[in-house]
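A.B. asks: Supplied in structure tokens, the structure appears directly below.
The values are calculated or read from the model by the stated rules, or taken from the named source; none is laboratory data. None of the values given here were measured: they were computed from a predicted structure. Cβ coordinates were reconstructed from backbone atoms using ideal geometry, including for glycine residues, and neighbour counts include every protein chain displayed. Each accessible area value is taken on the protein alone, full model and side chains, heavy atoms only, with ligands, DNA and RNA left out. Shrake-Rupley method; radii C 1.70, N 1.55, O 1.52, S 1.80 Å.
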Amino acid sequence: MSILANKTDLVRAGSGTWQDQMKWAIRDLRGLRDTLGLANEGELQLAAEAEFPVFAPLPYLARIKSSDLGDPLLRQVWPSESEMESPGHFSKDPLGELDATLSSGMLQKYQGRVLLVATGACAVHCRYCFRRHFPYEQSPKSMAQWEPTLAKIAADDSVDEVILSGGDPLTLVDRSLKSLVSKIDEIVHVKRIRFHTRLPIMIPQRVTDTLLGVLANARSQMIVVIHSNHANELDWSVEQSLSRIANSGAMLLNQAVLLRGVNNSLTALKDLSERLLSCRVMPYYLHQLDPVNGAAHFEVDVQQGLQLIAELRSCLPGYAVPRYVQELRGEPNKTVLA
Ligand code: SF4
């Protein structure tokens, strides 16, 4: 049974277009509390919300199973008093992305790949987000503003993969997304276009026929990397949307973040891998948390992460065990921990 108490919210969670869902999303702590029947917020929680506002769509909230703050889905969107504490190794820009900016809206951290910050908007505000302090206002907002960046990619034939990230690139309306993708697809040395997105999970209605057409008709290989941290996020409607993406011919991968109180147990990680496979998604990465200010309460010790991966190996086939990785500022590639 859904935790959503209000009938209107329940009906809305399963209806409307994806843009309706963006409009109906809960955008503040009070709204989240009322929607889920939770206790009053304290002063520190309000301060955490002021640092990084709440944004949580109804289809995701409807999958929360308990009003206990330990629910793994609730924990990812609920501003915690602990966000106001940041140990010394945590910072606003933990991966040094501001130093990796090559051109307006474009980062290059690794050889052969560039990342476009396609938008600052997301369909959820994950409390552990490593870009929660990112200066999105400096990224291009229109095709005209993207032109100089696209020209740079076209002039550099060492770039064979373009990653559309953000924010979440699927918050762009289909028309804008289609123009951006087709401009990238016209660059002959680009072999792959990769999307980093949580939208098919947060709002499964986002997988529209137009989006599927963009994925199916491009010359470049299309790769969709979703971001799911817990099996409870992947209900039947998400499975249907992921299956449609798989049918478009795009490769589907998942990246998760190892989060204390969300998935730092053998059962949670095993269930996640198995559920991903049943949704036709390969478990790809399990990330060590990026030490961003406000997220320290999610950090899991690397030793525990290594132990969990060893246990996963003993009970799942190799292809179902994600690579446990850590991104370190300035390194030429991700560090594989296990
Ligand atoms: S969807 Fe991705 S970019 Fe957006 S808040 Fe969550 S982790 Fe950050």
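A.B. asks: Over the stretch 201-324, with the other protein chains present, what is the accessible area per residue in square angstrom, probe 1.4 angstrom?
C.D. replies: Per residue, the stretch 201-324 has 37 Å² of solvent-accessible surface.
A.B. asks: Quick one: Karplus J couplings for the stretch 86-101, per residue in order, coefficients 6.51, -1.76, 1.60, θ = phi - 60°, nearest Hz, x for Gly and Pro?
C.D. replies: 9, x, x, 7, 8, 8, 6, 10, x, 9, x, 5, 5, 6, 8, 6
A.B. asks: While we're on this one: Between Ser278 and Ser182, what FRET efficiency comes out of the Förster formula 1/(1 + (r/R0)^6) with R0 = 56 Å and r the beta carbon distance, rounded to 0.05?
C.D. replies: The value I calculate is 0.95.
A.B. asks: Looking only at Tyr128, Tyr136, Tyr319, which one moves most when the chain is put into a Gaussian network model with springs between Cα atoms under 10 Å?
C.D. replies: In the Gaussian network model the winner is Tyr319.
A.B. asks: Something else now. Accessible area of the chain with a 1.4 Å probe: how many percent of it is carbon plus sulfur?
C.D. replies: On the way: 7380 of 14410 Å².
Solvent-exposed carbon and sulfur of the chain make up 51 percent of the total.
A.B. asks: In Å², what does the accessible area per residue of the stretch 85-198 work out to with a 1.4 Å probe?
C.D. replies: Here the per-residue accessible area is 43 Å².
A.B. asks: Okay, next question. In whole percent, what relative contact order does the chain give with Cα contacts below 8 Å and a gap of six or more residues?
C.D. replies: It rounds to 16 percent for the chain.
A.B. asks: Dividing the Cα convex hull volume of the chain by residue count, how many Å³ per residue is that?
C.D. replies: 126 Å³
A.B. asks: Okay, moving on. Please give me, ordered by residue number, the GluC sites (Glu not before Pro) of the stretch 62-161 that lie in loop per DSSP and have at most 16 other Cβ atoms within 10 Å.
C.D. replies: Values: sites: Glu81, Glu83, Glu85, Glu97, Glu137, Glu161; in loops: Glu85, Glu97.
Passing sites in the stretch 62-161 are Glu85.
A.B. asks: Distance in nm between label sites at Asn40 and Asp99, each 7 Å beyond Cα in the beta-carbon direction?
C.D. replies: Modelled inter-label distance: 4.7 nm.
A.B. asks: Please state the relative contact order of the stretch 1-152 as a whole percent: Cα pairs under 8 Å, 6+ residues apart?
C.D. replies: 22 percent
A.B. asks: Same structure again: Placing one identical point scatterer on every Cα of the stretch 197-309 and ignoring solvent, what is log10 I(q)/I(0) from the Debye formula at q = 0.24 Å⁻¹?
C.D. replies: -1.28
A.B. asks: Considering only Cα-Cα distances, which of the following residue pairs are longer than 20 Å: Lys152/Lys334; Lys141/Lys191; Lys23/Lys178; Lys109/Lys152?
C.D. replies: Pairs exceeding the cut-off: Lys152/Lys334; Lys141/Lys191; Lys23/Lys178.
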